[in-house]
Each structure stands twice: as C-alpha cells, then as structure tokens.
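Only one structure is covered here, and it is reproduced in the block below.
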Amino acid sequence: MGETLTVLANAAAAVNPVPWARSQMAFTLGFHIILVPLGVSWAFMVLIANYRAVRHHDRAALLLAQRWSKYMAVTFAVGAVTGTVLSFEFGLLWPHFMGTWGEAFGIPFAFEGIFFFTEAIFVAVYIFGWRRLKPWTHFWTGVPIVLAGVFGSVSVVAANAWMNAPSGFTANAQGEIVDVDPLGVIFNDAMPLQAAHMVVAAYLVGGFLVASVYAIGMLRGRTDRYHKLGLTIAFSVAAVATPIQIGVGDSLARWVYNDQPVKFAAIELVPTTSSDVPETLLGHLNADGTVTGGVPIPGLASWLSDPSTGRSTVVQGLDTVPADARPTVLEANVVHLAWDVMVGLGTVLLLLSLWYGAVWLFRRHLPTSKWFLRAAACAGVLAVVTMEAGWVVTEVGRQPWIVYNLMKVEAAATGNTGVWITFIAVAVLYVALGVTTVVVLRSMSRRFRRAGGFADLDTPYGPAKEPEPAKTGERGP
C-alpha cells in the first residue's frame, strides 16, 4: 500500500501543470461562451416582441415576450455561475500572469462587474414587473438589460484584446507595472474590431439558436402564429447580423495581417515569407515546413490581405521568428482548420440568411418550406460551432504568448501539479450544470405548452387579483 501511494505521489509530481491549466481554461471558456450570446441578444429579442405586443396589442407577441424573459433569466443565472468560476481561474491557474499584469488586465473586468450588476438588477425588475408596472414603463426597464449586456461583453473582450495588443501601462526595468492608463488599456488597438466581432456574433448566434428551436417546433406540426412569430423575430435578428459579421471579420483579419503577422501565417499556413500566397482550403503543415493536402486557390490569400496590391502582397511566414516565438506545427494546423470551419460555416449561414431575406423581400412572408425549416433547425448548432472556431483562431493563434510578445503561457501558469484534479472536478460540475439547464428549459417549455395558448397564470399586464372581503363575523388576516 505504501509503495502504491509513493508511485502515485511521484506520478502526480511529474505532471506538467501547464497543459492541464490550458485545458481547464479552454473547457470552461468554451462552455461559458455558449451562454454569452443568449445573455447579450435574448433581451433585445424580448424587447422586439414586447414592443410589438404593446404597440399593436399583439397577444401572441405578448406571450412570447413573457416566456422568453423567463428563459432569459435561467440562462443569465447559469452564465453568472460559469462566469464566476472563470474569474477564480485567472488567479488559480495563471498566478504569475495576474501577479505581473493584474493592474492593467483587471481594469476592463472592473467595468464588466458594474455592467453585470446593472443587468442583474434590471433582469429582476423586468421579470417581476409583468404584473406590477404599466406596459410602456415595463418595456423601458428592459432597455438597460440590452445596454448592460452589450457593454459588459465589450468590457470582457477589451481584456482579451489587451492580451493581443498590450498598451496603457508603464513598466520599470524589472518589467513591473508602475503606472496604468485605464483608457489606454481598454481602448487598445485590437479592442474596436474584436469587440464589434464578438457583439455582432452574439446577436448572430443568439438569433440562430432561438430560431432553431421554433424551426424544430414547426417541423413537428406547431405552425401556429406563436411559433411563426418566434422564428421570425429570432431569425431576422440573426439574418441582419450575419452580413455585418462577415464585414467586421474581414476587417479584423486584415488587422491580424498587419499587427500579428505570425498568427496570420498560421491561419493561412504560410511557412516562409512570399507573395502570391494561395488560400488553402483544408490541408496541413508538415514538420519540414511544407504544406500538403487541401485545395489551394492561387493568390487569394495575398489578395484578401491587401486588395490594393493584389496577388503581389507579401505575407510574412512562420519562419521569420524563432521556433519558440511562434505556434507549433500542431497549433498552426489547429488554427488553420478552425479558420476554415469558421469561414466555411459562416458562409453557409450567410447563404441561409440571403435565402430568408429573398423570400421575405419578394413574397413578404416567412419561408416555410421543409428544407428551409430543416436548415434553420441546424443553424443554431452551426452558429455555435462557428463562434467556438473563431475563438480557437484567436487564442491558439496567439501561442506561445499569453500577453503578445511580452509573456509566454509557460511563464504565466501555475506550478501546482494538482491542477488536473481541479480540471476533472470543474468538468464534472459543468457537465452536470449543462444537463440541468437543458432539463429545466425543456420542462418549462412543456409546462407552457400544457398551459395552452394564453392560459398562463401570471397574465402580463393583467389586473392584480383583489383580496376577497372577509365574511361577516370573521376576523381579517
């Protein structure tokens, strides 16, 4: 027994904590990011339905807004839990990073905390205001939820953007921060495009996710106005966001080309500096610096990098920096594949949005063919995968740096060899939380369907029930 414990102790001591820290952070971020679009965009869709209900006395829209607000509250609560775990992970998994850069990195999170509490307060006011506030007063209490969600997301992305373009601080000869400019930290060079990319993605993903639920319902025969309106509002938000996202993404890619050329080389699989670089669809980089497989489109990567110089645009290669200052071959292949997935699925979603827009423009009604509904039903999952792939490009492409050109991941991570235990514990917790969330949302949906059309007990904007008068001779409460 003693020998067994000794072997286990030696094995634990030999564990490299850095891969486990990276894996735990990737897992928790990947889980949390699914809830972010719902937290940012669902309130906006609720207000669209709420506005239509009040402005046009639309009972279906009123019921939709009320039920959506309850779903929104559940996902907001779960997002708050997963986000809190992430805040602890920064200190537990990356103590050297926080110890060195916390004074700057923490500034955007301070603002995010303000927006989070604002959002939480008004979510509560909005939920409990259905029977306690006048219609338009209640509607306006939802506006701060939308604004807080957007600005909270921008604050968090500003922190991530600072890791890509660190600025707004002064360091001494020992590398210690001695002065911080909060505005310089928040409004770093990467922040405007990264924040826009994430906020628009939130509306795109949130819209497709919600729309997919109603598309599935319609495929199962629920073709009443309530389901059609739910699909129309959510899909319209996503369809408007999709072409905007394509434009923002293109601008962000050119920023990466100019400011993070090594990441761009990983994205495009460019081993050596050259012009007339092809856009390689799929394919992979080999250890000897050659690229095999895939479908190369001649000159397209150079042209997209700078259309003004076209195919003669020079793209910097991976070999322009030392091997320990660029992504590994495996990481470059992961980044390139994630880029292909993001662009490919984004194009599919754009075509689906154009299909929806064309039918609406020429026929003035929602596309209701089986094929469209099947595509819309799949769009939610495809949108989530697209967003996750985009974050893989952002984070893995920056390797080996946690703060671009200033601190490497290896130097930032914890030295605690027991981090694999926390990873397993967090994974189990998150899986249980995810399953519970789905079960709760599905049970709410079934309960609403059993209640029937407009039979919700807490009727929005309905008169409060007056207490019955006490009978003669009876004492009141």
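The values are calculated or read from the model by the stated rules, or taken from the named source; none is laboratory data. The shown structure was predicted, so the numbers you read here are calculated from the model rather than taken from an experiment. Glycine also receives a Cβ, built like all others from the backbone with ideal geometry; neighbour counts cover every protein chain displayed. Surface accessibility is based on the protein's heavy atoms, side chains included, excluding ligands, DNA and RNA. Shrake-Rupley method; radii C 1.70, N 1.55, O 1.52, S 1.80 Å.
Given a Förster radius of 45 Å and the C-beta distance between Leu406 and Val143 as r, what FRET efficiency does 1/(1 + (r/R0)^6) yield to the nearest 0.05?
0.70
Find out how many positive minus negative residues lie around His57, taking Lys and Arg as positive, Asp and Glu as negative, among other residues whose Cβ is under 15 Å from that of His57.
+4
Label-point separation (nm) for Asp319 and Trp371, each offset 7 Å from Cα along Cα-to-Cβ?
With each label point 7 Å from Cα toward Cβ, the separation is 4.8 nm.
Compute the FRET efficiency between Asp250 and Val180 as 1/(1 + (r/R0)^6), taking r as their Cβ-Cβ distance and R0 = 25 Å, and round to the nearest 0.05. Could you put the intermediate results ahead of the total?
Details: r = 33 Å, r/R0 = 1.31.
For Asp250 and Val180, the calculated efficiency is 0.15.
Rounded to the nearest 500 deg cm²/dmol, what is the calculated helix-only ellipticity per residue at 222 nm for the chain, with -39500 (n - 2.57) per DSSP H run of length n ≥ 4?
Using -39500 (n - 2.57) per qualifying helix, the result is -24000 deg cm²/dmol.
So, R0 is 22 Å and r is the distance between the beta-carbons of Leu330 and Phe88; what FRET efficiency does that work out to, to 0.05?
E between Leu330 and Phe88, to the nearest 0.05, is 0.15.
Using θ = phi - 60° and the Karplus relation 6.51 cos²θ - 1.76 cosθ + 1.60, list the HN-Hα couplings for region 170-185 in order, rounded to whole Hz, with x at every Gly or Pro.
10, 10, 8, 5, 8, x, 8, 6, 10, 7, 10, 9, x, 5, x, 5
Around Val348, under 14 Å between beta carbons, what's the net of Lys plus Arg minus Asp minus Glu among the other residues?
Within the 14 Å Cβ shell, the charges total 0.
Arrange the residues Lys134, Lys263, Lys408, Lys228 by how much accessible surface each exposes, largest first, with a 1.4 angstrom probe.
Working: Lys134 150, Lys263 10, Lys408 60, Lys228 85 Å².
Correct descending sequence by accessible area is Lys134, Lys228, Lys408, Lys263.
In the neighborhood of His227, defined by Cβ-to-Cβ distances under 11 Å, what is the net charge if each Lys or Arg adds +1 and each Asp or Glu adds -1?
On the way: positive: Arg220, Arg222, Arg225, Lys228, Arg449; negative: Asp224.
Summing Lys/Arg as +1 and Asp/Glu as -1 gives +4.
Which whole-number value in Å³ per residue fits the convex hull of the alpha carbons of region 353-399?
In region 353-399, the Cα convex hull volume per residue is 71 Å³.
Would you mind calculating the gained length between Ala451 and Phe27 on full extension (0.36 nm times residue separation, minus the Cα-Cα distance), in nm to one decimal?
Working it through step by step, the gained length comes to 148.8 nm.
Tell me which residues come under 5 Å, amide H to amide H, from Ala171 once H is placed; ignore anything under 5 positions away on its chain.
Sorted by chain and number, the residues that satisfy this are Val178.
What length, rounded to one decimal in nm, is gained on full extension from Ser308 through to Arg59, with 0.36 nm per residue of separation minus their alpha-carbon distance?
84.3 nm
Could you give each residue of region 215-223 its phi-based ³J(HN,Hα) in whole Hz, using Karplus coefficients 6.51, -1.76, 1.60 with θ = phi - 60°, and x for Gly or Pro?
Per residue, the Karplus-derived 3J(HN,Hα) values read 5, 4, x, 5, 5, 8, x, 8, 9 Hz.
Which listed residue (Tyr203, Ala148, Met45) has the Cα farthest towards the positive end of the charge dipole for the chain, taking +1 on Lys and Arg C-beta and -1 on Asp and Glu C-beta about the Cα centre?
Farthest towards the positive pole: Met45.
Amide H to amide H, which residues 5 or more places from Ile402 or on other chains are under 5 Å from it, using H placed in the peptide plane?
Correct list: Met407, Lys408, Val409.
Points 7 angstrom from Cα along the Cβ direction at Arg225 and Thr292: gap in nanometres?
Result: 6.3 nm between the two label points.
Can you bin region 302-457 into rounded, prolate or oblate? Criterion: square roots of the alpha carbon gyration tensor eigenvalues sorted a ≥ b ≥ c, rounded for a/c under 1.5, prolate for a/b above b/c, oblate for the rest.
It comes out oblate by the Cα gyration axes.
If you wrap region 84-124's Cα atoms in a convex hull and average its projection over all directions, what's the area in nm²?
Quarter of the Cα hull surface area: 3.0 nm².
What shape does region 296-341 have by the C-alpha gyration tensor, where a ≥ b ≥ c are the square roots of the eigenvalues, rounded means a/c under 1.5, and otherwise prolate means a/b greater than b/c and oblate the rest?
The shape class here is oblate.
Taking θ = phi - 60°, what integer Hz values does the Karplus form 6.51 cos²θ - 1.76 cosθ + 1.60 yield along region 297-314, in sequence order, with x for Gly and Pro?
Values, residue by residue: 9, x, x, 5, 4, 5, 5, 5, 5, 7, x, 5, 10, x, 5, 7, 4, 8 Hz.
Can you list the residues, at least 5 places off or on another chain, whose amide H is less than 5 Å from the amide H of Arg131, using H built in the peptide plane?
So Arg131 has HN proximity to Tyr461.
Using only alpha carbon positions, build the gyration tensor of region 253-300, then give the equivalent ellipsoid semi-axes as the square roots of 5 times its eigenvalues, largest first, whole angstrom. Show your work: numbers first, answer last.
Numbers: eigenvalues 62, 32, 18 Å².
After scaling each eigenvalue by five and taking roots: 18, 13, 9 Å.
Rounded, prolate or oblate: pick one for region 120-245, where a ≥ b ≥ c are the square roots of the eigenvalues of its C-alpha gyration tensor, a/c under 1.5 means rounded, and failing that, prolate if a/b is larger than b/c, else oblate.
The shape class here is oblate.
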